[in-house]
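Colleague: Got a structure for you, written out below as structure tokens; questions coming shortly.
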Amino acid sequence: MSNRFKLPALPFDKNALEKGGISSETIDYHYGKHHAGYVRKLNAADADGKVPQNASIEQLVLTANGKIFNLAAQIYNHTFYWESMAPKSKGCRGNVCKALENEFGSCQEFVAQFKARAGGHFGSGWVWLSLNKQRKLVITDGHDAFNPMRDGLIPILTIDIWEHAYYVDQRNNRGAYINNFISLINWERVEQRYNDAVNRLKSNL
Amino acid sequence: MAAEAKAEDRFTLPKLPYAEDALAKGGISKETIQYHYGKHHAGYVRKLNAQDKDGKVKKDASLEDLIKDQETSDKVFNLAAQIWNHTFYWESMAPAGSKCKDDSEVGKQLIKDFESVDKFIEAFKGRAGGHFGSGWVWLSINAEKKLVITEGHDAFNPMKDGLTPILTIDVWEHAYYIDQRNSRGAYIGKFIDLINWDKVNERYTAGCK
């Protein structure tokens, strides 16, 4: 038995996002079954000797392939997703807000584009806002366990668009889920990640 | 409000081969059918008709033509294949379910290619359970007249690979999330018991000609 990898604690109570359209039942399944399941399966693979020793989740996201990548990236992505939301969102703020205005014309325009990518993605996947090496904010999306760190980007926000993220609460209506998500974005956390990302890029020069 | 089919709509939503609650005892509820058929499947038809009105769908091409044509755009392929795949999926099931008879034409071939019908079912279940993300798992006749299981993402359809499909299972989460939530394995088990083996055998014998 391995329990090398842990399921991180949810950053809020399981009913904290109910008013925002993500029910405690969704959290029970999404966090308690899907996210927890990826952790359990990666530990099982580890017990079978299939996971490189001494590799963190982040390292596995960057270097693993196939099944191990899928599991590690899904663990990482879901943790990032929970932390991308907060029960009481206070709106876009600070340096990231200015950067979004520079890059997209306005925060609203960024939101419109992000929503369009999330709505338009066919099949399971994730949509991300990240900082690239040129310090520009970019929206990327990809299938299944997609994570933009593999493209050299520093992610700052993500939305899960696998159907399990919204089928309990909104059934097929992904658009309604995306709107709810937008209202739940934890902009303080996004700002923090943005500032950290900028500092990281500066220190790499 | 249900969308009315307009006279000039090129593509239409085929009728469900049974009532909405016909599979409920078998584990696929009326509510699932209302969403899966009434929203997802119907939605693909609506969107393909919209693409057609925008001039983005090749004229005089059937769904099958669009699926097989390399020139079809990704967007049109996804819609056409999802329409085709879902129709095939509904027809792959029947309320009473049935067992595959060892002495049916398809049964005999499954025994040749998988050693037994049970081994085929285990293999099919394994592929359906193991597929990561949205997609479809198929049983098809290949060019050597063998039965093969293939799977693929999203709107995957084995006709593109020159195969003749005879059975499919939808493993997008919308196929099972209402009834079994995250338990895809439970859904697959239900599906197996709902397979319309008469239809599969019919497709097999037609496909061998």
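The values are calculated or read from the model by the stated rules, or taken from the named source; none is laboratory data. Values in this document were obtained by computation on a predicted structure and should not be read as measured data. Note that each Cβ is placed from the backbone with ideal geometry, even for glycine, and that neighbours are counted across all protein chains shown. Calculation scope for accessible area: heavy atoms of the full protein, side chains included, ligands and nucleic acids excluded. Shrake-Rupley method; radii C 1.70, N 1.55, O 1.52, S 1.80 Å.
Colleague: Which numbered condition trips up A:V111, out of (1) more than 14 Å from every other protein chain (Cβ to nearest Cβ); (2) surrounded by 18 or more Cβ atoms within 10 Å (Cβ to Cβ); (3) at pLDDT 95 or above?
Modeller: With respect to (1) more than 14 Å from every other protein chain (Cβ to nearest Cβ); (2) surrounded by 18 or more Cβ atoms within 10 Å (Cβ to Cβ); (3) at pLDDT 95 or above, A:V111 is out only on (2).
Colleague: Now, a different point. Select, from A:R189, A:R193, the only residue that is away from chain B (no Cβ under 14 Å), buried (at least 20 other Cβ atoms within 10 Å of the Cβ), not hydrophobic (A, V, I, L, M, F, W, C) and not in a loop (DSSP other than H, G, I, E, B).
Modeller: Answer to the selection: A:R193.
Colleague: Check segment A:128-149 and report whether any residue there is in contact with a Phe, Trp or Tyr (Cβ under 6 Å, 6 or more places away or on another chain), open to solvent by less than 10 Å² (accessible area, probe 1.4 Å) and either touching a residue at least 40 places away in the same chain (Cβ under 8 Å) or in a strand (DSSP E or B) (or both).
Modeller: No: zero hits.
Colleague: Please verify whether A:C97 is modelled with pLDDT under 95 and hydrophobic (A, V, I, L, M, F, W, C), treating the condition exactly as stated.
Modeller: In short, no.
Colleague: Could you tell me whether A:A36 is among the hydrophobic types (A, V, I, L, M, F, W, C) and within 14 Å of the chain's Cα centre (by Cα)?
Modeller: So A:A36 fails the test.
Colleague: So B:W197 clears everything in (1) surrounded by fewer than 21 Cβ atoms within 10 Å (Cβ to Cβ); (2) under 28 Å from A:A73 (Cβ atoms); (3) of a type in the set (F, W, Y) except one condition, right? Which one?
Modeller: (2)
Colleague: From B:D60, B:D69, B:D52, grab the single residue that is more than 17 Å from the chain's Cα centre (by Cα) and open to solvent by 60 Å² or more (accessible area, probe 1.4 Å).
Modeller: B:D60
Colleague: For segment B:102-153, give me each residue that is crowded, with 16+ Cβ neighbours inside 10 Å, among the charged types (D, E, K, R) and within 30 Å of B:N182 (Cα to Cα).
Modeller: Within segment B:102-153, B:K125, B:R127, B:E151 meet the criteria.
Colleague: Same structure, new question: Among the residues of segment A:114-125, count how many are closer than 19 Å to A:M149 by Cα, within 11 Å of another protein chain (Cβ to nearest Cβ) and outside any loop (DSSP other than H, G, I, E, B).
Modeller: 1
Colleague: So B:L163 ticks every box in (1) out of contact with any helix residue (DSSP H, G or I) (no Cβ under 8 Å at 6 or more places or on another chain); (2) hydrophobic (A, V, I, L, M, F, W, C); (3) surrounded by fewer than 17 Cβ atoms within 10 Å (Cβ to Cβ) but one. Which box is left unticked?
Modeller: The single condition B:L163 does not satisfy is (3).
Colleague: Restricting to segment B:27-43, name every residue that is open to solvent by less than 20 Å² (accessible area, probe 1.4 Å) and part of a helix (DSSP H, G or I).
Modeller: B:T32, B:I33, B:H36, B:H41, B:G43
Colleague: Here's a follow-up. Got a number for residues in segment B:54-73 being farther than 26 Å from B:V171 by Cα and in contact (Cβ under 8 Å) with a residue 40 or more places away in the chain?
Modeller: So the answer is 1.
Colleague: Among the residues of segment B:137-160, write down those that are within 14 Å of chain A (Cβ to nearest Cβ) and out of contact with any helix residue (DSSP H, G or I) (no Cβ under 6 Å at 6 or more places or on another chain).
Modeller: B:G152, B:H153, B:D154, B:F156
Colleague: Which numbered condition trips up A:F181, out of (1) more than 14 Å from every other protein chain (Cβ to nearest Cβ); (2) free of Cβ contacts under 8 Å to residues at least 60 places away in the same chain?
Modeller: (2)
Colleague: If I ask for residues that are assigned to a strand (DSSP E or B) and under 22 Å from A:Y167 (Cα atoms), which ones from segment B:161-178 would you list?
Modeller: Of everything in segment B:161-178, those that are assigned to a strand (DSSP E or B) and under 22 Å from A:Y167 (Cα atoms) turn out to be B:I169, B:D170.
Colleague: Additional query: Are any residues in segment B:174-191 open to solvent by 20 Å² or more (accessible area, probe 1.4 Å) and either more than 14 Å from every other protein chain (Cβ to nearest Cβ) or closer than 20 Å to A:N172 by Cβ (or both), and if so, which ones?
Modeller: Residues satisfying the conditions are B:I178, B:D179, B:Q180, B:R181, B:N182, B:S183, B:R184, B:G189, B:K190.
Colleague: Just one of the numbered conditions (1) open to solvent by 50 Å² or more (accessible area, probe 1.4 Å); (2) more than 25 Å from A:E25 (Cα to Cα) is not true of A:N173; which one?
Modeller: Looking at each condition in turn, A:N173 falls short on (2).
Colleague: Has segment A:43-58 got any residue that is under 18 Å from the mean Cα position of the chain (by Cα) and surrounded by fewer than 16 Cβ atoms within 10 Å (Cβ to Cβ)?
Modeller: Yes, that holds for at least one residue.
Colleague: Let me ask you something else. Do we find a residue being buried (at least 16 other Cβ atoms within 10 Å of the Cβ), of a type outside the set (A, V, I, L, M, F, W, C), in a strand (DSSP E or B) and in contact (Cβ under 8 Å) with a residue 24 or more places away in the chain anywhere in segment A:159-169?
Modeller: Scanning segment A:159-169, I find at least one residue that is buried (at least 16 other Cβ atoms within 10 Å of the Cβ), of a type outside the set (A, V, I, L, M, F, W, C), in a strand (DSSP E or B) and in contact (Cβ under 8 Å) with a residue 24 or more places away in the chain, so the answer is yes.
Colleague: Quick one: is B:E105 over 15 Å from the mean Cα position of the chain (by Cα) and among the acidic types (D, E)?
Modeller: So B:E105 passes the test.
Colleague: Keeping to segment A:69-87, report how many residues are open to solvent by less than 20 Å² (accessible area, probe 1.4 Å) and more than 12 Å from A:W126 (Cβ to Cβ).
Modeller: Residues flagged as open to solvent by less than 20 Å² (accessible area, probe 1.4 Å) and more than 12 Å from A:W126 (Cβ to Cβ) within segment A:69-87 amount to 6.
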